[in-house]
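The values are calculated or read from the model by the stated rules, or taken from the named source; none is laboratory data. Please read all numbers here as calculations on a predicted model, not as lab measurements. Cβ coordinates were reconstructed from backbone atoms using ideal geometry, including for glycine residues, and neighbour counts include every protein chain displayed. Accessible surface areas use protein heavy atoms only, side chains included; no ligands, DNA or RNA. Shrake-Rupley method; radii C 1.70, N 1.55, O 1.52, S 1.80 Å.
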Amino acid sequence: MGADRVHAYGAAAGLLGDLLLGDPRRGHPVAVFGRAAAGVEQVLYRDHRGWGALHTAVCAGGAVALGALASRTVRSSPAVSVALTGAATWAVVGGTSLVREARAIGRALETGDVEAARERLPHLCGRDPQSLDADGIARAVVESVAENTSDAVVGALVWGAVGGVPGLLGFRAVNTLDAMVGHRSPRYRRFGWASARLDDVAGWPGARLTAVLAALAGDDRRGAVRAWRADAGKHPSPNAGPVEASFAGALGVRLGGTLSYGGRVEHRPVLNGAAGRAVVPGDIERAARLSRRVGLLALGVTVAARAVAAKAKATSTATATATSTAMAASTARATVTVTVTAGSKGRAS
């Protein structure tokens, strides 16, 4: 069984596991990594970019090395390799938990229980819930669903297709480090700089693929593309901008505007402001369904892309081998001809 088929079966099994089981309540591998990263931080913390870069290298590099070691250990057994890929995909993909939390908040809002929705909102994002009314909570949820569709699902599938199990673990490690230390608080403004920048780089391809798939799978394709082109660059995040703008256009709503994080107020540009309406609680379910469709499409796209790349590599290798063989045969024939000619001349003289 080729590596592309191992990845395809494993990634599909892992995503199916997430759909059926969600995240474990205890002992989640990402939580284990977070505790380990926090321990490394206690040893390495200095208010300096260089020490932060070392922290990022140790933690993310350790995750990649662990994935590489595990893959190398089981590579002789296709079945075990599929199981390892499936387990890694399940561990790093968080689409079910994302949708589950979003829907729980949506149900609370639809029954008029705004306080219950405020209590659950911190499970999904870092907004200040007490400053939000029902529609403000709904907007925060839709924005979080959009951004985390990229971070928790599509980005992981992209890097799994690129790098296998090491790519899966490495991407989730980088994304987790950004959530832990990549913000602009006094403690992490310098120490978390490397984690934040690396997360921007790692998240770039997944964010663009998410935006494309949201446009294809949404209710308004033209609106999604229009909002992406017009408003994505206005967002302070290079990756959240395309995703949130595409979701806003696909759903026909306005996202962005004034936000409050940890007592700090931000005034962000409005996304899809010209064509969208205000978000209402019913849009949470629409965003959740769009997130599901995008995740399934991303699995198909990434598996197909890896298969095409593997076929192209095999064709290139076969062509190179055939060319080398032909050149060797031609050289051999030329050598024989020269030898025979030289022998004939020697006899004639």
For the range 146-266: rounded, prolate or oblate by the Cα gyration tensor [a/c cutoff 1.5]: oblate
Residues with amide H under 5 Å from that of R268, placed H, sequence gap 5 or more: G257, T258, L259
Helical segments meeting 20 Å axial Cα length and Kyte-Doolittle 0.0 threshold in the chain (DSSP H): 3-21, 29-44, 49-74, 78-92, 134-149, 155-181, 193-217, 283-348
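Please list E147, E41 from largest to smallest accessible area, probe radius 1.4 Å, with all protein chains kept in place.
E147, E41
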Rg/Rh (Cα only; Kirkwood hydrodynamic radius) as it applies to the range 157-222: 1.11
Three-way shape label, the range 1-138, alpha-carbon gyration tensor, a/c 1.5: oblate
Accessible area (Å², 1.4 Å probe, nearest 10) - K234: 110
The range 266-317: C-alpha gyration tensor shape, a/c 1.5 cut-off, then a/b vs b/c: prolate
Geometric extent, Cα atoms of the chain - Rg, Dmax (angstrom): 25.7, 111
Accessible surface, 1.4 Å probe, highest first, among residues H28, H267, H48: H267, H48, H28
Charge context of H235, other residues only, Cβ under 9 angstrom, K/R +1, D/E -1: 0
Rg(Cα) / (2.2 N^0.38 Å) computed for the range 124-180, rounded to two decimals: 1.41
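Solvent-accessible area per residue for the chain at a 1.4 Å probe radius, Å²? Provide the component values of the computation, followed by the final result.
Numbers: 17260 Å² over 349 residues.
Result: 49 Å² per residue.
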Charge tally in the Cβ shell below 12 Å around A207, where Lys, Arg are +1 and Asp, Glu are -1, A207 excluded: -4
Accessible area of the chain belonging to carbon and sulfur atoms, whole % at 1.4 Å probe: 61
Angstrom value of the Kirkwood radius, inverse mean 1/r, which spans all Cα pairs in the range 78-184: 15.1
